[in-house]
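Peer 1: Below is one structure. I have some questions about it.
The numbers here are math on the coordinates, done by the rules we state, and not lab data. This is a predicted model, so every value here is computed, not measured. Note that we place each Cβ from the backbone using ideal geometry, even for glycine, and neighbour counts take in every protein chain shown.
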Amino acid sequence: MQNNPDWKDKFCVVTGVASGIGAATAKSLANQEARVLGLDRLDENEFRTKASALANIEYKKCDLSSPKEIEQVFRAISHEKLLALFNVAAMPSHGLGISELSVEQWDQVLAVNLRAVFLLSKFSLPLFKSNSGGTIVNVSSVHAFASMKNHAAYAASKGGLNSLTSQLALELNPLGVRVVAVAPGSINTPMTTKDLAKDRELLENLGFPTDGKSIGHVGQPEEIAEVLIWIASPKASFINGTTITADAGLLARLAYE
């Protein structure tokens, strides 16, 4: 889509931009002529090689587990007027029960999935003030509502993110900043599968259909990106302080199983 007045020349920040939902979101925004800064942990050369389709966005390496690096990024862009912050990046579960999960592994997941969203939101405030408002969109997960064994840190981080979203909406409303979370179901990203075609049988055995039609099926990053961008746009001005589920009906199915 070209020449969309909602995004043309508007400045946005997208975390987790190297792959999956982050890459799809950045690509769609850039195609609508937004100015996009992508953040991820890859070196720039590695990012440019891996994400060649995102050649038209600005990129900065940022370890989201480091408060110092997050602060440095926003200090470097302090002159910008920020319209939207998309907190997409997340660290997956280690797949360990709590008896095996180390304190370091727990802290690592919570630092990237929850603390980083707090810090990114905190350091983005001067840029939102310069813009007289905007939107923070946080990517949560259905794991915040219904999870599986051995996902304690991940599920806790996403449940906390939903609560943080509501709190930030209350606090930032006087600044004209909306804060909304989106909880995807199973999405075809590196966090879910290395290769959907090869992992199809495994996913279906776990209860995630890959036919694109069934309740709770595996979705595509672009489908979630469309939801994120719509929520950040003026068209969703009445949505604030809540978590929206985009899961192809997965939670509805789980409720009856």
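Peer 1: Whose amide H sits under 5 Å from the amide H of Gly219, counting only residues 5 or more places off or on another chain, with H placed in the peptide plane?
Peer 2: It is Ser186, Ile187, Asn188, by chain and number.
Peer 1: Whole-Hz Karplus ³J(HN,Hα) for the stretch 114-122, in order, using 6.51 cos²θ - 1.76 cosθ + 1.60 and θ = phi - 60°, x for Gly and Pro?
Peer 2: Computed from phi, the couplings for the stretch 114-122 are 10, 4, 4, 5, 4, 5, 4, 5, 4 Hz.
Peer 1: Quick query: amide H of Val179 versus all other amide H atoms, modeled in the peptide plane; which residues come in under 5 Å with a sequence gap of 5 or more or a different chain?
Peer 2: Residues meeting the criterion, in which the H sits 1.01 Å from N, are Ile136, Gly241.
Peer 1: Mind putting together the pair-distance distribution for the chain? All Cα pairs, 5 Å bins, whole percent per bin, short to long.
Peer 2: Values per bin, smallest distances first: 1, 6, 13, 18, 20, 18, 13, 7, 3, 1, 0.
Peer 1: Rounded to two decimals, what ratio of Rg to Rh does the stretch 41-162 give with C-alpha atoms and a Kirkwood Rh?
Peer 2: Numbers: Rg = 16.0 Å, Rh = 15.8 Å.
Radius of gyration over Kirkwood radius for the stretch 41-162 works out to 1.01.
Peer 1: Hey, can you grab everything whose amide H is under 5 Å from the amide H of Cys62? Only 5+ residues off in sequence or another chain; H modelled, so Pro and N-termini drop out.
Peer 2: When sequence neighbours closer than 5 places are left aside, the close amide H contacts are Asp40, Arg41, Leu42.
Peer 1: What is the Rg over Rh value, at two decimals, for the stretch 11-72, using alpha-carbon atoms and the Kirkwood definition of Rh?
Peer 2: Reported Rg/Rh (Cα atoms, Kirkwood Rh): 0.95.
Peer 1: Could you work out how far helix 67-76 tilts from the main Cα principal axis of the chain, as a 0 to 90 degree angle to the nearest 10?
Peer 2: Approximately 40 degrees, to the nearest ten.
Peer 1: Taking the beta-carbon count within 10 Å as an exposure proxy, list Arg115, Arg75 from fewest neighbours to most.
Peer 2: Least to most surrounded, the residues fall as Arg75, Arg115.
Peer 1: May I pose another question? Would you mind listing how long the stretch 161-257 runs along its three principal axes, going by Cα atoms, in whole Å with the largest first?
Peer 2: That gives 49, 28, 21 Å along the principal axes, largest extent first.
Peer 1: Per residue of the stretch 168-177, what does 6.51 cos²θ - 1.76 cosθ + 1.60 with θ = phi - 60° give for ³J(HN,Hα)? Whole Hz please, x for Gly and Pro, Karplus curve as stated.
Peer 2: With coefficients 6.51, -1.76 and 1.60, one gets 5, 4, 5, 6, 9, 4, x, 8, x, 9 Hz.
Peer 1: Averaging over every viewing direction, what projected area does the convex hull of the Cα atoms of the stretch 42-83 cover, in nm²? Display every interim value, and only then the final one.
Peer 2: Details: hull surface 14.8 nm².
Taking the Cα atoms of the stretch 42-83, their convex hull projects to 3.7 nm² on average.
Peer 1: So, one more: Provide Rg over Rh for the stretch 90-139; use the alpha carbon set for both Rg and the Kirkwood Rh (inverse mean inverse pair distance).
Peer 2: Rg/Rh: 1.19.
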